[in-house]
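Engineer: Pasting a structure here, questions to come.
The values are calculated or read from the model by the stated rules, or taken from the named source; none is laboratory data. None of the values given here were measured: they were computed from a predicted structure. Cβ placement follows ideal geometry from the backbone for every residue including glycine, while neighbour counts extend to all protein chains displayed.
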Amino acid sequence: MPGPLKTEAIVLRSIRYGEADRVLHLYTPLRGRLAAIAKGARRARSRFGARLEPFFLLRVVLHEGRSDLLTVTSADTIATHGPLRDHAETLDAAGRACDAVARLFETPEPHPEVFQLLVTELALLSGDPAHASPANALAFRLKLLLAAGFVPQLSACAICGAGEGLEGFSAAAGGVVCGSCASSAFALDQESYDFLVAALGAPLAAAPAASERALRQVERAISDTAGHHAQVRLRPVVGSSLRVRALAN
């Protein structure tokens, strides 16, 4: 029977609704993405205060009724991630991270590893603006693809299995391809290949450095994979991040 649901949650998005309410898009460890309404949240004396803003990590109680839209009955703050709002680049990076999670994991299917990955990413962005880099954002997205089951084949040609001469990438084939199988692939430099391998194996806080050219190739590999296998279009990172940094400076 429907009833109360107690869970931790990250606020992916907060939308004004009606005269005083908010509709929240939440990501939870065991229930995936949920939508909930916080009634009266925009009133001056609301019991929710300012807790329902994007990027907050909360401990919430939700009431499950017959509708797909749950009702927030209480919310306690675990982390505000306030410092990331102090810099345009960290604010932008946090928004793109939440957006990528929302697009790739839009159902209530449980993915606790995705929840923890997003908690880690928001904490990194809050702790040090240097993490608001295209390299970090792409490493984050690669790990999301891994959690979604769409991680590209990197150890050998995705078509013929050759372990050498890997110089292209094909989302349709499922990953890197060798020169003999590269007719329908785009060129992938060695630096780009090295980034893909290193970023998957390294902690999120230790995303490897790479040139802008390599990062653009990596982003194309990630975007093509998400588009082909999940029919999801991810917001661009590399060019957008550079523009945000330029405006901030």
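Engineer: Being over 23 Å from the mean Cα position of the chain (by Cα) and buried (at least 19 other Cβ atoms within 10 Å of the Cβ) narrows it down to one of A9, A41, so name that one.
Structural biologist: A41
Engineer: Among the candidates A173, A137, single out the residue that is in a loop (DSSP other than H, G, I, E, B) and either hydrophobic (A, V, I, L, M, F, W, C) or not assigned by TED's automatic domain parsing to the domain that holds G227 (or both).
Structural biologist: Step by step, each of A173, A137 is checked, and only A173 is in a loop (DSSP other than H, G, I, E, B) and either hydrophobic (A, V, I, L, M, F, W, C) or not assigned by TED's automatic domain parsing to the domain that holds G227 (or both).
Engineer: If the requirement is being on the phi > 0 side of the Ramachandran plot and either at pLDDT 95 or above or not aromatic (F, W, Y) (or both), which of these qualifies: G163, G174?
Structural biologist: Of G163, G174, the one residue that is on the phi > 0 side of the Ramachandran plot and either at pLDDT 95 or above or not aromatic (F, W, Y) (or both) is G174.
Engineer: May I ask you to say which residue of L52, L57 is closer than 15 Å to L24 by Cβ and at pLDDT below 95?
Structural biologist: Result of the check over L52, L57: L52.
Conditions (1) touching a strand residue (DSSP E or B) at 6+ places or on another chain (Cβ under 8 Å); (2) over 21 Å from A230 (Cα atoms); (3) not β-branched (V, I, T), marked per residue:
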site	(1), (2), (3)
H131	no, yes, yes
A137	no, no, yes
K143	no, no, yes
A172	no, no, yes
C181	yes, yes, yes
F195	no, yes, yes
S211	no, yes, yes
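Engineer: Can you tell which of E53, E19 is closer than 26 Å to L104 by Cα, assigned to a loop (DSSP other than H, G, I, E, B) and of a type in the set (D, E)?
Structural biologist: Within the list E53, E19, the selection yields E53.
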